[in-house]
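The values are calculated or read from the model by the stated rules, or taken from the named source; none is laboratory data. Source: prediction; values computed, not measured. Note that each Cβ is placed from the backbone with ideal geometry, even for glycine, and that neighbours are counted across all protein chains shown. To get the accessible areas, we keep the full protein, side chains included, count just its heavy atoms, and leave off ligands, DNA and RNA. Shrake-Rupley method; radii C 1.70, N 1.55, O 1.52, S 1.80 Å.
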Amino acid sequence: MKVLHVCYADSEEGGAIGAYRLHRAMLAQNIDSQLLVIRKWRNDDTVVTPPVSVRLLVRLWNIVSRRILSLQRIRDKGYQSLNIFPTGIHRTIKHHRPDVVQCHWINRNTISIRELANIHAPVVLKLPDMWAFCGTEHYISPGVVERFREGYTKDNRPLGDSGVDLARRVWSYKKRAWRDARFTIVTPSKWLGDLARESVLFRNSRVETIANPIDLNVYHPVRDRRQLRIAMGLPPDKALILYGSMQAETDTRKGYHHLRQALQLLQNGKPETNGFEFLIFGTSETKTEIVHGVTTHHLGTIREEQELVAMYAASDVMVLPTEADNLPNTIQEATSCGTPCVGFNVGGMPDMILHRETGYLAEPFDPADLARGIAWVLANKGDKLTHKVREHAASIFNPADRVEEYMKLYRDLTRPDPSRGG
C-alpha cells in the first residue's frame, strides 16, 4: 500500500503538524508513506516537494487570491480561501503513482478545486476545518448563518455582508467540480463529522471519524514538576495557568477575550482561587501583565517538542476557550502530558475532555463558568488527576490504533469493485 499525503506544509501550523504526525506514525508501522508539501521545513527525506514551477504558481496565486478576497466585505473576519487556480500539482501526484491520496490542509492554493477531482486514485479528504464543505470560510463563527446546510443562495447571505459574494461562488464551483467525484471524508472530531454529513456537498459521501495520532513516547507526564519549574525559571509553588495561540490577538474565534474575563474573575474571587500566575505562548506580546495584578510569563513561540513537553508538564491547567475548533493540537499535546484542560463545550473539545473527570467543559461562552472550570482543576490537581488525563489521551491518540483505522479504510477503498468488473 503506497500512501501519498498532500499538505501545504510539514510544520508551523496545526493542520501541517497533524499531517506530519500521521505520516511518521505510518512509517513507524512500515507503511510506504510520503508527504508532499509546498513549504518544507523539516530535514526529512520522506517529505517531498513538487517542481519549482508548481511552487512558484502557488505563490503567485496566493497573491492574486488575497486581492480577490478583498473584494468582499464580510463581518466574519476568519480565514478565507479560494483554491480556484490550477497549479499542476495533480500531475506531480500522478507521477508518484500512489494507491491512496490523503489530503490534509490544502489551502493557500496548494491544489485547486478542479484538480482535486482529477486525481486518478482514491482520495481521502481529512478535514482540518470546515472549508471543504463551505464556501471560502474555514470556520463559521457562532451566530453566523450556516449556509453549508442548505446551499449558498442570494437570500441566505449573512446580514451586513456586502461586495462580491465569493463564498457563494466558490461553493457553487465546488458543487459543479465535485459532482462526479467520490471523496471519502475523514474528520478528527465527531463534531466536524456531523457537520460534514449535514452539508449539501458531503451528505452523500462516506464520512469517518479518526482522531489524529501523537507520539506518546515524546508527549508524556514529567515526574519531578517542581525541579522542572525551577529549571524553567517558574515559581515552584504557584498555580500556573497556560494558554497558547498564534493568533490570540487577531482571531476572536480563539476566545482570548473570554479568558481575560475569566482570569479577572479568578483574581477577584475567593482566596483559594488566588495566588496563580499565567503562562502564554505562541504570541509576540511582551507586556508584563495580561490581567491587572496577575504575573504573566511570556514564553514566546515554542517549536521544539521537548520544550513543549516541559511547558505543558510544568502547568497545572491548560485553557483554550475557542468558540469553534476541530481537534486542537494544543489540547492533544497537553492531555498527553497529563495536564488537565478547560474549554467551552464546543467543537471537538468533548472528544478530548471528560467533564469533571479529566478537565472541565464550560458553558459557551460564559467566562464565569470558564473561571469555575479553572478553579475546579486547581482544586483537584495532583497525581491522580494527571494519571487519569494521560490515560484518556493515550486511549484516543495511540498511533498504532489510529494508523490501523486508516489502513482498514484504505484497504476498503482500494478493494476491486465487482460492479466494474474488477
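Need pairs with beta-carbon distance below 6 Å; first residue more than 15 Å from Ile290 (Cβ to Cβ) and within segment 232-243, second among the charged types (D, E, K, R) and open to solvent by 60 Å² or more (accessible area, probe 1.4 Å); sequence gap 6+ or separate chains.
Close Cβ pairs satisfying both conditions: Pro236/Arg226.
What tally of residues in segment 287-321 results from selecting those that are of a type in the set (Gly, Ala, Ser), in contact with a Ser or Thr (Cβ under 8 Å, 6 or more places away or on another chain) and open to solvent by 10 Å² or more (accessible area, probe 1.4 Å)? Walk me through how you get there before you give the answer.
Just the residues of segment 287-321 that are of a type in the set (Gly, Ala, Ser), to begin with: 293, 300, 310, 313-315.
Still in the list and also in contact with a Ser or Thr (Cβ under 8 Å, 6 or more places away or on another chain): 300, 313, 315.
This time we only want the ones that are open to solvent by 10 Å² or more (accessible area, probe 1.4 Å), so: 300.
Residues in segment 287-321 being of a type in the set (Gly, Ala, Ser), in contact with a Ser or Thr (Cβ under 8 Å, 6 or more places away or on another chain) and open to solvent by 10 Å² or more (accessible area, probe 1.4 Å): 1 in total.
Tell me which residues, restricted to segment 71-80, are open to solvent by 30 Å² or more (accessible area, probe 1.4 Å) and either among the basic types (Lys, Arg) or more than 25 Å from the chain's Cα centre (by Cα) (or both).
Leu71, Arg73, Arg75, Lys77
Let me confirm something: among Ile38, Ile106, Ile84, Ile93, which residue is part of a helix (DSSP H, G or I) and not aromatic (Phe, Trp, Tyr)?
Values: Ile38 fails: part of a helix (DSSP H, G or I); Ile106 fails: part of a helix (DSSP H, G or I); Ile84 fails: part of a helix (DSSP H, G or I).
After ruling out the rest, the residue left standing is Ile93.
For segment 147-154, check the following and say yes or no: at least one residue is open to solvent by less than 40 Å² (accessible area, probe 1.4 Å), under 21 Å from the mean Cα position of the chain (by Cα) and not aliphatic (A, V, I, L, M). Outline the logic, then answer.
Here is the first cut: in segment 147-154, the ones open to solvent by less than 40 Å² (accessible area, probe 1.4 Å) are 147-148, 151-152.
Now drop any that are not under 21 Å from the mean Cα position of the chain (by Cα), which leaves 148.
Filter again for not aliphatic (A, V, I, L, M), leaving 148.
Checked segment 147-154: at least one residue is open to solvent by less than 40 Å² (accessible area, probe 1.4 Å), under 21 Å from the mean Cα position of the chain (by Cα) and not aliphatic (A, V, I, L, M).
Please state which one of Ala400, Ala379, Ala324, Ala362 is more than 27 Å from Arg24 (Cα to Cα), open to solvent by 40 Å² or more (accessible area, probe 1.4 Å), of a type in the set (A, V, I, L, M) and touching a residue at least 40 places away in the same chain (Cβ under 8 Å). Give the derivation first.
Numbers: Ala400 fails: more than 27 Å from Arg24 (Cα to Cα); Ala324 fails: open to solvent by 40 Å² or more (accessible area, probe 1.4 Å); Ala362 fails: open to solvent by 40 Å² or more (accessible area, probe 1.4 Å).
Just a single option satisfies the conditions, and that option is Ala379.
Among the residues of segment 24-35, what is the count of those that are open to solvent by less than 50 Å² (accessible area, probe 1.4 Å), assigned to a helix (DSSP H, G or I) and in contact (Cβ under 8 Å) with a residue 40 or more places away in the chain?
Residues meeting the conditions: 2.
Quick check: anything in segment 96-108 within 20 Å of Leu57 (Cα to Cα), free of Cβ contacts under 8 Å to residues at least 60 places away in the same chain and either surrounded by 23 or more Cβ atoms within 10 Å (Cβ to Cβ) or not hydroxyl-bearing (Ser, Thr, Tyr) (or both)?
no
A quick yes/no check of all residues on (1) surrounded by 21 or more Cβ atoms within 10 Å (Cβ to Cβ); (2) in contact (Cβ under 8 Å) with a residue 40 or more places away in the chain:
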| residue | (1), (2) |
| --- | --- |
| Leu82 | yes, yes |
| Phe85 | no, no |
| Lys94 | no, no |
| Ser112 | yes, no |
| Leu116 | yes, yes |
| Ser141 | no, yes |
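I'd like the full set of residues that are open to solvent by 10 Å² or more (accessible area, probe 1.4 Å) and within 15 Å of Ala211 (Cα to Cα), limited to segment 13-23.
Going residue by residue through segment 13-23, those that are open to solvent by 10 Å² or more (accessible area, probe 1.4 Å) are 13-15, 17, 20-21.
Gly14, Gly15, Ile17, Tyr20, Arg21 - these are the residues of segment 13-23 that are open to solvent by 10 Å² or more (accessible area, probe 1.4 Å) and within 15 Å of Ala211 (Cα to Cα).
Just to check your reading of the model, which residue among Leu361, Leu370, Leu378 is more than 24 Å from the chain's Cα centre (by Cα) and closer than 27 Å to Leu265 by Cβ? Steps first, answer last, please.
Working: Leu361 fails: more than 24 Å from the chain's Cα centre (by Cα); Leu370 fails: more than 24 Å from the chain's Cα centre (by Cα).
Answer to the check: Leu378.
Scan segment 41-67 for residues that are hydrophobic (A, V, I, L, M, F, W, C), open to solvent by less than 80 Å² (accessible area, probe 1.4 Å) and assigned to a helix (DSSP H, G or I) and jot them down. If you could, list the steps in order and put the result at the bottom.
Within segment 41-67, the first condition is being hydrophobic (A, V, I, L, M, F, W, C), and the residues that meet it are 41, 47-48, 52, 54, 56-58, 60-61, 63-64.
Still in the list and also open to solvent by less than 80 Å² (accessible area, probe 1.4 Å): 47-48, 54, 57-58, 61, 63-64.
Passing the criteria: Val54, Leu57, Val58, Trp61, Ile63, Val64.
Return the residue satisfying two criteria in turn: it lies in segment 294-311 and is assigned to a loop (DSSP other than H, G, I, E, B) and not hydroxyl-bearing (Ser, Thr, Tyr), and of such residues it is nearest to Ser245 (Cα to Cα). Step through it out loud before you land on a result.
The first filter runs over segment 294-311 and keeps only residues assigned to a loop (DSSP other than H, G, I, E, B), leaving 294-295, 301-304.
Next, only the ones that are not hydroxyl-bearing (Ser, Thr, Tyr) stay: 294, 302-304.
Working: Val294: 19, Ile302: 11, Arg303: 13, Glu304: 16 Å.
Among those that are assigned to a loop (DSSP other than H, G, I, E, B) and not hydroxyl-bearing (Ser, Thr, Tyr), it is Ile302.
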